[in-house]
Structures are given as C-alpha cells and as structure tokens.
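Read-outs throughout are calculated quantities, based only on the coordinates presented, and are distinct from any laboratory measurement. Just so you know, these numbers come straight off a predicted model, no measurement behind them.
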Amino acid sequence: MNQQLADESEAVAVWAAGLGTAGVFALMIVIVWQVAATWRARMLAAREGQYKQLATKYAQLLEDNVELHRRSIDELTEARRSIASMEKMMREIE
C-alpha cells in the first residue's frame, strides 16, 4: 500500500513539475511577445512622428515655392508692362 501511495505521489509530482515547467515557458513566451509588441509600437510611433515632421517640412517648402512663383509672375508682368511701354514710345517716335 505504501509503495502504491509513493508511486501515485511520484506521478503527481511529475505532473506538477511538468505543468509548472509549461507554465514558466508560457509566461516567458508572453513576456517576450509583449516586449516585442511594445518595441514595435514605439517604432511605429517614432515613424509617425518622422512622417509628421516630413509633411510639415514639405508644406513649408511648398509655401516657399508658391511665393517664389508669385514673385516670378509679378516680375514677368512688370517686364511685359515695361516692354509694352517701350514699344509704344518707339512707335510714337517713328
């Protein structure tokens, strides 16, 4: 009877050790998974911040480009007026 009881308690101990080991491995897997998910979320947030900075810089460059274009058009219009005025003056001289 004692032998049978010892065998049963040994079997229970083996099962308990197996379940404990499986639990530790499951916990380690969850921890590694969460660390990886946190790292990925931080990288995505950093990338989003970089995209926002890039979009802001692009918007500023676009505004600068529009301003340069407007100035060029103004200068071209002024040049056309000046040329037209010179042509009119030359026609009057003839």
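Brief remarks follow.
- Rounded to 10°, Cα long-axis angle of helix 2-93 versus longest principal axis of the chain: 0
- Dividing the helix sum by the residues of the chain, where each DSSP H run of 4 or more adds -39500 (n - 2.57), gives a mean residue ellipticity at 222 nm of -37500 deg cm²/dmol.
- Correct choice for Kirkwood radius over Cα pairs in Å that was computed from the model, options (i) 13.8; (ii) 21.6; (iii) 17.2: (ii)
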